[in-house]
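Worksheet: the structure to be examined is printed underneath.
The values are calculated or read from the model by the stated rules, or taken from the named source; none is laboratory data. Fair warning: this is a prediction, and the values are worked out from it, not measured in the lab. Cβ placement follows ideal geometry from the backbone for every residue including glycine, while neighbour counts extend to all protein chains displayed.
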Amino acid sequence: MKKRLVLGIADQTLTTDLLSRIEALEDFEIVHVSESTQELVPAVLNHNPDVLVIDRHLPPGPISRVTHDLSVRRPALPVLLATRAGDDDSLALALEVGARGVLAYPFVLAEVNDALVRASEWGERMQEVLSGGSQHTEVQGGVVTFAGSKGGVGTTILTVHTAWRLAQQDRAKQVCLVDLDLEKGDIPSYVDLSYRVSIVDLAKIADDITDRVVRDTVAVHESGLHILPAPIDVRDADVVTATAIRSILSQLRQMYDVVLVDAGSNVTPAQAAAVEMSDHVVQVVTTDVPSLRAARRQSQAWMELGVRGSGDLAVLVNRYSRDSEIQQSTIDRLVLGRRLEVLVPELGRGLESAVNTRTPSHNAPKAWWKALDAMVTETGVVPAPAEPAASSRRMALGRRARKEPVGTPAAAGAESGQVSLETVGVLPVTVAIMLLLWQLVGMGLSFVWAGHAANAAAREASLGSPSSKVVQAAREAVPSGVHGNMKVETAGGQVEVRIKIAPVGSGTSTAPVDVSRGVTKEPRG
């Protein structure tokens, strides 16, 4: 099987020369050629190559930041630096970007082959090491971006409460929440938080971000959640560029176990950069046509920009109800991403108290937290619990073993006899209650039918119809099975309908249900 290569080269001369050399090799094939750093990251994530060859002058640069980000996401990916022979600082740059070797133009077939073979072998060994240790290492969530298909679908509260939940479940886990809704973002409206700095302060020094600068900028909530707020002044939103977002998220990825981003709903350069940098992207929709149409347009925009394919997109349905006109099959046809199996239910005013008090834990329904837990597990943000059913079974067996020591069949027999006696004692009471309920239902239906018949008979009598037609109108208003037990009489300006019912256990005796209605004669012209 051939090794897969991704090239990040914008220089057409280098590209043509390197392509001709690689085509002559039997063990390697090129699956993608990127001409910018923005295009390179999603290409690597989508194609998962065995070796990456990158040009030191790949625009817009710097490539060191891109390779560093990729090394975090794909630690076993070997990188080769392509350069021209006259570049004296190539070795220093290769060390900076973590390259496994340097390919100097003009390229020599034997040198290209040797470099690719060494790099691919190193990648295989590194992958074996990582695979061997993965079973002892908890999977980290990386960067997760939540984007709403349109405004008002619940993106912010989903993101905030998910981040708060992760921070509460494991205090040892570092969780950062980034508000990237630059114009309308207001995460402090959902959590009680005071702050003086925002993401703008990091964007202004994007090229020199350090751990200390980040820690001085983020606001720490009492829950342990770290929050990077949106701009305080909307006029500063232009400072937060796509390049700045890449630098900020790359730094946050190194410092935190999980980074959650509220990217709003508008497709902006900043949002596109966050979507491109993310390990997981969750698109939030609701069960209405405007939201689903907007989700489709948003997904198409991301694909046209080359930042995210439909196969790498998870769609989360919020405010789902079985009574909605649009159900799961329709949603699957309208959206481009993969719909998550978890459906966040419609809770009505269930979250009103949590939002108004700015305290996520305040009276939030259990169904809400259950849906959020299922969502983060399904998307891979946190690892799924291992065999909860087997664990609960073991616990049940343990409790049973403590209550019933092994080798006591007499106790088991006594308990079985106790169950039989309890059943015999409860059965007559249950039968009596069921008969009483049946009697009440019969009486209720008799009253309803008698009322319908009396109304129909009174209307007919008010027209001056003979008694035969009055009786016929009453009979037509009730089921045919009641006709034999119903009697209709007209006297003194009233119509009386009597239905006889047989009480349970009374033998042949009956109990009447009487309903009467007054008759108002209609004038005849």
Is it the case that the range 387-410 has a residue that's of a type in the set (A, V, I, L, M) and either at pLDDT 90 or above or closer than 30 Å to residue 328 by Cα (or both)?
yes
Just to check your reading of the model, which residue among 16, 37 is surrounded by 16 or more Cβ atoms within 10 Å (Cβ to Cβ), assigned by the TED database to the domain that holds residue 126 and out of contact with any strand residue (DSSP E or B) (no Cβ under 6 Å at 6 or more places or on another chain)?
37
For residues that are among the small types (Gly, Ala, Ser) and surrounded by 14 or more Cβ atoms within 10 Å (Cβ to Cβ), scanning just the range 322-340, find the one that is nearest to residue 379 (Cα to Cα).
337
Which residue, of 483, 452, is modelled with pLDDT of 80 or more and under 57 Å from the mean Cα position of the chain (by Cα)?
452
What number of residues in the range 222-256 are surrounded by fewer than 20 Cβ atoms within 10 Å (Cβ to Cβ) and in contact with a strand residue (DSSP E or B) (Cβ under 8 Å, 6 or more places away or on another chain)?
2
What number of residues within the range 253-270 are farther than 30 Å from residue 325 by Cβ and not charged (D, E, K, R)?
10
Can you give me the number of residues within the range 118-167 that are polar (S, T, N, Q) and either surrounded by 15 or more Cβ atoms within 10 Å (Cβ to Cβ) or modelled with pLDDT of 95 or more (or both)?
9
What's the number of the condition residue 29 fails, among (1) at pLDDT 90 or above; (2) within 41 Å of the chain's Cα centre (by Cα); (3) surrounded by 16 or more Cβ atoms within 10 Å (Cβ to Cβ)?
(3)
Spot the failing condition for residue 271; the list is (1) closer than 22 Å to residue 380 by Cα; (2) more than 16 Å from the chain's Cα centre (by Cα); (3) modelled with pLDDT of 95 or more; (4) surrounded by fewer than 23 Cβ atoms within 10 Å (Cβ to Cβ), and only one is missed.
(4)
For the range 188-206, state whether one or more residues are touching a strand residue (DSSP E or B) at 6+ places or on another chain (Cβ under 6 Å) and under 21 Å from residue 355 (Cβ atoms).
yes
Looking for something over 19 Å from the mean Cα position of the chain (by Cα) and closer than 27 Å to residue 199 by Cα - is there at least one such residue anywhere in the range 282-298?
no
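Table: residues versus (1) in contact with a helix residue (DSSP H, G or I) (Cβ under 6 Å, 6 or more places away or on another chain); (2) part of a helix (DSSP H, G or I); (3) within 25 Å of residue 521 (Cβ to Cβ).
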{"position": "440", "(1), (2), (3)": "no, yes, no"}
{"position": "445", "(1), (2), (3)": "no, yes, no"}
{"position": "464", "(1), (2), (3)": "no, no, yes"}
{"position": "471", "(1), (2), (3)": "no, yes, yes"}
{"position": "483", "(1), (2), (3)": "yes, yes, no"}
Residue check, residue 259 against (1) at pLDDT 95 or above; (2) in a helix (DSSP H, G or I); (3) of a type in the set (A, V, I, L, M, F, W, C), all met but one. Which one?
(2)
Among helices (runs of 4 or more DSSP H) entirely within the range 127-238, at least 1 residues that are under 22 Å from residue 362 (Cα atoms) occur in 155-169
Which condition breaks for residue 61 when tested against (1) touching a helix residue (DSSP H, G or I) at 6+ places or on another chain (Cβ under 8 Å); (2) modelled with pLDDT of 85 or more; (3) more than 21 Å from residue 125 (Cβ to Cβ)?
(2)
Could you please tell me which pairs satisfy a Cβ distance under 7 Å, a separation of 6+ or placement on different chains, a first residue in the range 89-103 that is under 12 Å from residue 78 (Cα atoms), and a second residue that is modelled with pLDDT under 75 and in a helix (DSSP H, G or I)?
102/90; 102/91
I'm trying to understand the selection: among the residues of the range 168-190, which are surrounded by fewer than 21 Cβ atoms within 10 Å (Cβ to Cβ) and of a type outside the set (Ser, Thr, Tyr)?
168, 169, 170, 171, 172, 173, 174, 183, 184, 186, 188
